[in-house]
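The values are calculated or read from the model by the stated rules, or taken from the named source; none is laboratory data. Here the structure is a predicted model, which means the values were calculated and not measured. Positions of Cβ are backbone-derived with ideal geometry, glycine not excepted, and every protein chain shown enters the neighbour counts. Ligands, DNA and RNA are stripped out before the accessible areas are found, and what is left, the full protein with its side chains, is counted by its heavy atoms. Shrake-Rupley method; radii C 1.70, N 1.55, O 1.52, S 1.80 Å.
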Amino acid sequence: MGVFIKNDEQVSFMRTASKVCARTHELLAKHIRPGVTTEELCAIADDFIRSNDCKPSFLGYRGFPKSICTSVNDEVIHGVPGLRKLLSGDIISIDIGVCYKRFHGDAARTVACGPISEVHQKLIHVTEQGFFEGLKCCTVENRLHDISNAIDDYVKPFGFGIVSEWCGHGVGQQVHEDPQIPHTRQEKRGPRLRRGMTLAIEPMINVGTEEIYTLDDTWTVLTRDGEYSAHYENTVLITDGAPEVLTI
């Protein structure tokens, strides 16, 4: 499969999907408090997405049973919403995909539930800033792995683990398209970035080791050492000038 370059109409569909995705995150952030269940957050997101003439991208994708991913504390990605209640001091990573006219926007945020520790506040900040360091390389003068190297160079000095088994990806008519986007340093610079590419860049950063494992549910990915993990993602359009972040 080659890289899918989007035309202006397709980008407009992605802008709509991405804006709804961003607004869904903003809505859910207002509902994150001790006692709320991840299933309740999922229902709020599903209702809001559908009320905006869109569909949740993840529901049924490769058999995923829910409309969003909710990963709490040491859960890295792909947490399945359920009866778990958030506690004060938790952090929750929410990954949302939205589809409009068969085109997708994809974004993730990690949010604190009540007061959290200083190290977990730092984890969330470094993960988010890691994305923005990579974003600086999203121009046609650069290559794909310049993004990877910028993220690695920023995060590594903090001593956090960068998940390498999962990576960013192209996004558009499919939730996951080529190219794959590592978040760790690469030996080669990779393919040149081109106008019309749409990329989901999503560093997943752990307090401790980068090592992970998957639960028997075949979805939920956790840190091997039980330390907390954060996730930050946006859908980015490559233009002839500065990149456009569609999901903000």
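Odds and ends about this structure:
- Note on His25: accessible area approximately 20 square angstrom, rounded to 10, probe 1.4 Å, nucleic acids and ligands left out.
- The chain, relative contact order in percent, only Cα pairs under 8 angstrom and at least six apart counted: 23
- Directionally averaged projected area (convex hull, Cα atoms, the range 7-67), nm²: 4.7
- Over every Cα atom in the chain, the radius of gyration and the widest Cα-Cα span, Dmax, amount to 16.9, 48 Å.
- Rolling a 1.4 Å probe over the protein heavy atoms of the chain, with every protein chain left in place, gives an accessible area that is 50 percent carbon and sulfur.
- Zone residues, the range 97-139, relative to His31, backbone N less than 18 Å from point 7 Å out along Cα-to-Cβ: 97-99, 107-114
- One decimal place: the segment Thr239-Arg192 gains 15.6 nm when fully extended, by the rule 0.36 nm per residue minus the C-alpha distance.
- Reach of Lys19 by Cα under 30 Å, taken over lysines that are not fewer than 8 positions away in the same chain: Lys6, Lys30, Lys55, Lys66, Lys85, Lys101, Lys122, Lys136
- Max mean-square fluctuation residue, GNM over the chain, Cα-Cα springs under 10 Å, options Glu26, Glu128, Glu39: Glu26
- Relative contact order (%) - criterion: Cα under 8 Å, at least six apart; region: the range 123-238: 30
- Protein-only accessible surface order, largest first, of Glu9, Glu118 at 1.4 Å: Glu118, Glu9
- With protein chains left intact and a 1.4 Å probe, residues in the chain average 43 Å² of accessible area per residue.
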